[in-house]
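The values are calculated or read from the model by the stated rules, or taken from the named source; none is laboratory data. The shown structure was predicted, so the numbers you read here are calculated from the model rather than taken from an experiment. Cβ coordinates were reconstructed from backbone atoms using ideal geometry, including for glycine residues, and neighbour counts include every protein chain displayed. The protein model used for the area step is the full one, side chains on, heavy atoms only, and it has no ligands, DNA or RNA in it. Shrake-Rupley method; radii C 1.70, N 1.55, O 1.52, S 1.80 Å.
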Amino acid sequence: MNVVSEISGVSLPEMARTYGTPFYLYDSAVISDRVDQIQKRFPLVRYAQKANPHLAILDLMRKKGVLVDSVSAGEVHRALRAGYPAEEIVYTADVFDDRAVEMIKNHPIQVNCGSPDMIRQFAEIRPGGEVFLRINPGFGHGHSKKTDTGGPGSKHGIWHEEIPECVRLAKECGIRIYGLHMHIGSGSNFEHLSKVAHAMAETDAGPDIRVISAGGGLPIPYRETDQPIDLDKYFEVWDSQRKEIERRLGHEVEMEIEPGRFLVAESGYLVAKIWAIKETAAFKFYLVDTGFNHLIRPAMYGAYHKISMCSADGRKLEKSQPAAVAGPLCESCDVFTQEDGGVVITQELPQAQIGDYVIIHDAGAYGRAMASNYNTHPFPAEVWIEDGKHSLITPRQSFDEAIGGERFPG
Ligand SMILES: Cc1ncc(COP(=O)(O)O)c(C=O)c1O
């Protein structure tokens, strides 16, 4: 039965009373542990900040020697604010925009091009510069169609058959291609991974390649029955192909890995309060004060997030029953317990009361990062746990902040 009353020795009801619900909670020790695990195998780790770009997380990553990936000018701005030197930041996006052009002109960040047009435009932004190419090898894989980033239906990367043309184009524009990048969707398995790594080794993008990036997509055990990823095997699959490229080119080639979820997902929780309990002919529902506006993965992909409960007054939560957990939004898909296609399911949950807390696990990645102000619910507070103490790293948004810079016309 899923009952949790503290995280890393810090009392959940105490934090709920201090910050109010809902709030996101990040356990920094878990992030440090995942960084250590991956740095033990991969010498160059780059954090895909899209998973969670909070300054506190970027600061921790930087201090631990992790490089950073940015998918927008705004994310480059964050990385600079977190103290990253521009040279340690990569811009990886499907397009430039006016703000990205300015950013690249003003800061010597690295650039990953995902189309021939980006190569042409980059040559104008930074004449004589050097780039990574993001490649679509012609196939993909993901835990859902929506996280599959390869194959003919994907907008990401340069189609593999266009690489020779891009090499010619780069030469013509005076641009050097020094890196290759593949990110073929999240939730990879080893058979698929080995296909991707082989495709990387077989890509001929000229003689100047010095770095390959294995992208992200390392899965985490969302379900209790899921096994943690075998990082040694993951490294071996990629490193054998890196060595192949070195042999072919006759010089040293470095390898980066670019995880988001793996580094931060398990550190995070979304904590909410139960405000209503109701039953239909099929389900018992716990209705809470957070919804897909704060964690969209279940509504978007039918993603599973383990749910626990905690009593507000120290009562022992005993009996359990299958129950669904849903939020406050005016949308029928605002349910945390659902499968792909919007089918409501249940989890085995304790019998709780109004005022007790619901803890949604593994919410550190793609939680706050994909949150919205839908229905004008303000963003929750964000709380950090380090060395057995909790502290506020983002106050709850006010109603006026949620309205933002809106004004009347004229
Ligand atoms: C280019 C790129 N790199 C890395 C990632 C991180 O993926 P994950 O969080 O699954 O590791 C993504 C996710 O979409 C991505 O698009």
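Observations on the structure shown:
- Looking only at residues in segment 41-64 that are within 12 Å of the ligand (Cβ to nearest atom) and part of a helix (DSSP H, G or I), the one that is most open to solvent (accessible area, probe 1.4 Å) is 50.
- Just one of the listed residues (314, 355, 291) is assigned to a loop (DSSP other than H, G, I, E, B), buried (at least 22 other Cβ atoms within 10 Å of the Cβ) and not aliphatic (A, V, I, L, M), namely 291.
- Residue pairs meeting the criteria (Cβ under 7 Å; at least 6 apart or on separate chains; first assigned by TED's automatic domain parsing to the domain that holds residue 363 and among the small types (Gly, Ala, Ser), in segment 379-391; second open to solvent by 30 Å² or more (accessible area, probe 1.4 Å) and part of a strand (DSSP E or B)): 381/392; 381/394
- Being in contact with a Leu (Cβ under 7 Å, 6 or more places away or on another chain), in the same structural domain as residue 247 (by TED's automatic domain parsing), crowded, with 20+ Cβ neighbours inside 10 Å and not in a helix (DSSP H, G or I) is a property that holds for residue 177.
- The criterion of being open to solvent by less than 60 Å² (accessible area, probe 1.4 Å), outside the structural domain of residue 356 (by TED's automatic domain parsing), touching a Pro at 6+ places or on another chain (Cβ under 9 Å) and in contact (Cβ under 8 Å) with a residue 60 or more places away in the chain holds for residue 38.
- Summed over segment 1-36, the residues that are in contact with a Gly (Cβ under 7 Å, 6 or more places away or on another chain) and not hydrophobic (A, V, I, L, M, F, W, C) give a count of 4.
- Residue in segment 336-343 that is part of a loop (DSSP other than H, G, I, E, B), of a type outside the set (Ser, Thr, Tyr) and either out of contact with any helix residue (DSSP H, G or I) (no Cβ under 9 Å at 6 or more places or on another chain) or free of Cβ contacts under 8 Å to residues at least 12 places away in the same chain (or both) present: yes
- Boolean, residue 31 is within 14 Å of the ligand (Cβ to nearest atom), of a type in the set (A, V, I, L, M) and farther than 30 Å from residue 309 by Cα: no
- If the condition is being more than 16 Å from the ligand (Cβ to nearest atom) and out of contact with any Pro (no Cβ under 8 Å at 6 or more places or on another chain), then segment 208-229 contributes 208, 209, 210, 223, 224, 225.
- When residues of segment 83-98 are limited to those that are within 18 Å of the chain's Cα centre (by Cα) and of a type in the set (A, V, I, L, M), the one nearest to residue 60 (Cα to Cα): 89
- Listed by first and then second residue, the pairs linking a residue in segment 258-278 that is free of Cβ contacts under 8 Å to residues at least 60 places away in the same chain to a residue that is away from the ligand (no atom under 13 Å from the Cβ) and open to solvent by 10 Å² or more (accessible area, probe 1.4 Å), with Cβ atoms under 9 Å apart and 6 or more places separating them unless they lie on different chains, are 278/284; 278/285; 278/287.
- Subset tally (residues that are within 21 Å of residue 88 (Cα to Cα), over 25 Å from the mean Cα position of the chain (by Cα) and among the basic types (Lys, Arg)) for segment 99-121: 1
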